[in-house]
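For reference, the structure discussed in these notes is given below.
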Amino acid sequence: MTTQQRIPQAEEHFRTPPRPSRYDDEICRAAARVMAPKFFEYCGEANPPEREFEHMVEQLAGALSHTMSCDGFELAYELKRTYCWEGDEQLVELCSELGWEVGRQADVAVRQWIIDNNVEPPLAVGTPVLYLDAHGGSGWCGAEITRSIAETGEFTVFVESLGHVREGIGTHGFVVPWESDKIKPKETPCP
């Protein structure tokens, strides 16, 4: 299903490039570029030649894209498996930092995507919607949009039947992208 097919009323809002993802090549490379100096320091090299720097970026970005994970242990294992690195606890910590950095780079890219494409929420806060609970097996559940987060292009979707709470301690809702196919206006028939 394409982005523009997800929410019928929102079609005009999402004839834009797809939302950036933490697994996009350019985002993985940006994170790797930021973290490469720390990895060189770990390896005992202060000022690597440009060619070695680019090689490090390729390996770090490759580990991020091969694992589709931001977990430090999984990334360190991927560096060992694919690029013959020998690791220790410090490498796992650095890889955890790399995982955080790729998330930060993705957040920056999403904010820029929203600005560049003039992306706006297709539904208003308070709109009754249906939410697809694919993991819990409940199917389409009655829900409500309780928050719209402009910086990240996401909704908080409250589903009372799944135990969400409006106040206090507990889960207040699911955070889903504005263009998600997991939400649709309540009057839309279920598939």
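One line per residue, one yes/no per condition, for (1) of a type in the set (D, E); (2) buried (at least 17 other Cβ atoms within 10 Å of the Cβ); (3) at negative phi:
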site	(1), (2), (3)
E58	yes, no, yes
G62	no, yes, yes
D71	yes, no, yes
K80	no, no, yes
E86	yes, no, yes
G103	no, no, yes
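Would you call S96 in contact with a Gly (Cβ under 7 Å, 6 or more places away or on another chain) and surrounded by 13 or more Cβ atoms within 10 Å (Cβ to Cβ)?
Taking the combined requirement at face value, the residue satisfies it.
Looking at segment 98-131 only, could you name the residues that are of a type in the set (V, I, T) and in contact with a strand residue (DSSP E or B) (Cβ under 8 Å, 6 or more places away or on another chain)?
Across segment 98-131, the qualifying residues are V125, T127, V129.
Check T156, T152, T146, T171 and return the single one that is in contact (Cβ under 8 Å) with a residue 12 or more places away in the chain and not in a strand (DSSP E or B).
Only one candidate passes the filter, namely T152.
Where residues in segment 105-135 are without any contact (Cβ under 8 Å) to a residue 60 or more places away in the chain and in a strand (DSSP E or B), which of them is surrounded by the most Cβ atoms within 10 Å (Cβ to Cβ)?
The selected residue is Y131.
Among the residues of segment 137-148, are any modelled with pLDDT of 95 or more, over 23 Å from T16 (Cα atoms) and exposed (fewer than 13 other Cβ atoms within 10 Å of the Cβ)?
no
Give the residues of segment 77-95 that are under 20 Å from H55 (Cα atoms), without any contact (Cβ under 8 Å) to a residue 40 or more places away in the chain and outside any loop (DSSP other than H, G, I, E, B), sorted by residue number.
Selection gives Y77, E78, L79, K80, R81, T82, Y83, V92, C95.
Restricting the search to segment 26-56, which residues are among the β-branched types (V, I, T) and buried (at least 21 other Cβ atoms within 10 Å of the Cβ)?
The one that is among the β-branched types (V, I, T) and buried (at least 21 other Cβ atoms within 10 Å of the Cβ): I27.
The values are calculated or read from the model by the stated rules, or taken from the named source; none is laboratory data. It should be emphasised that the depicted structure is a prediction, and the values quoted were computed from it without experimental measurement. Positions of Cβ are backbone-derived with ideal geometry, glycine not excepted, and every protein chain shown enters the neighbour counts.
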